[in-house]
1. Whenever you get a sec, compute what percent of the accessible area on the stretch 283-373 sits on carbon and sulfur atoms (1.4 Å probe).
2. Mind ranking 35-46, 20-31, 238-249 by how tightly packed they are, going by the mean number of other C-beta atoms within 10 angstrom, highest first?
3. Along the charge dipole of the chain, Cβ charges K/R +1 and D/E -1, which of W465, Y425, L27 sits furthest on the positive end?
4. Relative contact order (percent) for the stretch 380-471, with alpha-carbon contacts under 8 angstrom and 6 or more residues of separation?
5. Which shape class applies to the stretch 320-363: rounded if a/c is under 1.5, otherwise prolate when a/b exceeds b/c and oblate if not, where a ≥ b ≥ c are the square roots of the Cα gyration tensor eigenvalues?
6. Enter the Cα centre distance for the pair the stretch 315-341 and the stretch 376-400, rounded to the nearest angstrom.
7. Using r as the Cβ-Cβ distance of V500 and R101, and R0 as 35 Å, what FRET efficiency do you calculate, to the nearest 0.05?
8. In degrees, nearest 10, range 0 to 90: what is the angle between the Cα axis of helix 199-213 and the longest Cα principal axis of the chain?
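The values are calculated or read from the model by the stated rules, or taken from the named source; none is laboratory data. Small disclaimer: the values here were computed from a predicted structure and weren't measured. In this analysis, Cβ positions are derived from the backbone assuming ideal geometry, glycine residues included, and neighbour counts consider all displayed protein chains. All accessible areas refer to the heavy atoms of the entire protein, side chains included, with ligands and DNA or RNA removed. Shrake-Rupley method; radii C 1.70, N 1.55, O 1.52, S 1.80 Å.
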Amino acid sequence: MWKNIKKKLKTKKYSPVEIIIIVFFLLFSLWLMFSTFSYQNGSMLIATKAWSDFASHIPLIRSFSFGSNFPPEYSLFPGEPIRYHFLFYLLVGILEKIGVRIDYALNIPSAIGFFTLLLIIYFFAKKIFKSKVVGIISVIFFLFNGSLSFIEFLKSQPVSTRILSDIISNKTFPSFGPYDGKIVSAFWNLNIYTNQRHLAPAFFLSLLIIYILLIPVLSKKKTNLKISACLGIILGLFFFFHLAAFLITIAVVLVLGILFKELRIAALIVLMVGALISIPQYLFLQSSSSAFEPVLSIGYLTQANLTIKSFMEYWVLNLGLHTILIPIGVILAPKNLRKIFLAFLLIFIIGNAIQFSPEIAGNHKFFNYFMLIGVMFSAFALVKIWKHKFYFKPAVVILFFFLILSGIIDFFPIYNDSKIALADYPIHPDVKWIMENTNPKSVFLNSQYLYDPASLAGRKIFLGWPYFPWSAGYDTSKRGELLKKMLEETEFKSACKLLVENDIDYVEIITQNPPDPNIPHISNLYNDAFVKVYENTSKNYSIYKVKPSCIRI
């Protein structure tokens with residue numbers, strides 16, 4: 001089987017234009033990832049727009065590279081099986097563990113993931129529509145979203161002779177809904193791929209499974225059942241690589257198997273093998289004491305004030321002219337391609353009907369994925385209109401411009417973004433001491449949330465910034481109360497009892513001036529009655545060891 005694939009790759013010829021395009025995809029992917037995260041003089045340099053997300057990713061990576069995290073637990077919520085898709089960050093952690101610097105360990109797999117996603121969009125569109133132009137335009141539409149967020153930009157930067165300069169120097173996204181109160185989603189720009197580094201490779205693998213599965217339909221060849229089994233293995237590993245992509249792929253494969261008679265056996269094999277591999281992962285996940293169950297939730301972000309008008313307005317503003325061009329492309333496409341579109345349309349419907357995590361905004365993955373195929377049908381529609389009548393060509397140019405204008409505006413906040421330096425263990429004495437003097441399995445009771453020294457050293461902290469574990473389905477309210485109780489406790493025996501019951505090895509005390517309102521009041525008990533094993537007076541930072549202190553009781 002693999003010999004045949006290698007033979008096809010060797011005999012495949014690419015035009016000079018395609019080679020240039022592929023090289024551009026690679027260079028752009030490398031720039032995008034390295035421009036948002038790098039390393040210099042012992043510090044991580046993190047783009048400001050990635051700062052919050054990386055406060056979750058880096059501790060998880062470090063729990064695998066510098067810590068001891070097997071069976072896997074969420075490094076910001078230890079004590080329960082991990083509920084976050086971790087395989088990508090496990091790979092990054094392994095790379096750092098064997099000596100690859102963290103920026104290369106993270107950026108190279110991220111760039112490869114984004115590069116391969118661009119490739120599969122191009123070749124998928126080229127294959128189903130038999131047009132290189134459709135493939136190229138599909139990638140352009142993917143890179144430069146077609147939302148109507150440019151309207152928000154023009155509200156703050158009216159059209160003038162300086163409009164081009166205003167776009168190029170822009171540093172903020174004109175719309176970042178729902179977080180800024182505006183309607184156009186924050187999840188259309190490239191920031192979603194620089195922050196959620198596992199998303200692009202997950203989408204690539206999902207589209208690859210579907211692309212290979214569709215070969216009998218697209219090329220009128222027989223189904224290869226061995227290849228179907230291999231696709232099922234890849235699907236099964238999705239469960240802990242990216243759970244949303246796992247569910248999406250199952251839904252698309254299932255519908256394709258129903259709609260195409262020639263794919264039914266292959267689709268069944270993919271789903272059965274995928275299920276067999278994913279079941280142990282599911283059982284591991286279910287062993288967690290807290291789990292969010294999917295619930296019916298109609299309307300996505302419009303659910304609070306859902307009407308037909310509000311729903312339509314939301315999607316017109318978010319999809320822009322694609323709301324017109326996608327249906328046109330579907331109508332103009334051959335029957336088989338319309339069937340393929342129906343399988344992907346189910347993903348759009350599911351995203352608007354079921355909530356899979358505590359935060360409904362997390363459903364954005366379903367719409368990002370749907371638009372991977374949606375932009376292909378828009379591109380096909382434009383090409384067909386262009387070829388239809390010569391006097392339609394100016395209209396196509398205008399449509400094309402407004403389909404990428406918001407994406408162009410959204411590109412420059414990423415391009416112009418500044419970086420924040422985060423001191424790492426080579427120059428951060430607290431992180432270095434923890435790495436050299438504590439057991440990799442240690443759990444720290446923390447008195448700060450973001451980029452805690454213990455989490456940078458690969459140790460687990462009792463509760464990271466609550467949004468991160470909450471969005472993964474953990475009970476952060478209960479744990480937040482426990483953290484508060486332990487930090488505020490004034491009675492020695494009660495403090496020891498709580499610390500031992502919650503498997504705390506060390507207590508970190510950071511005295512901040514002014515105090516952090518998000519952190520409870522810290523009792524003087526630790527300074528008075530516990531064994532201090534480390535102190536950094538310049539940062540008012542101390543570490544206390546639990547066992548030698550509490551062994552007295």
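1. On the way: 2870 of 4060 Å².
So the carbon and sulfur contribution to the accessible surface is 71 percent.
2. Numbers: 35-46: 17.8, 20-31: 15.4, 238-249: 23.6.
The densest-packed peptide leads the list: 238-249, 35-46, 20-31.
3. L27
4. Working: 57 pairs, mean separation 16.2, N = 92.
For the stretch 380-471, the relative contact order is 18 percent.
5. Values: a/c = 5.00, a/b = 2.00, b/c = 2.50.
Oblate shape, in that a/c is at least 1.5 and b/c is the bigger or equal ratio.
6. One Cα centre to the other: 14 Å.
7. Numbers: r = 38 Å, r/R0 = 1.08.
Between V500 and R101 the formula returns 0.40.
8. 40 degrees
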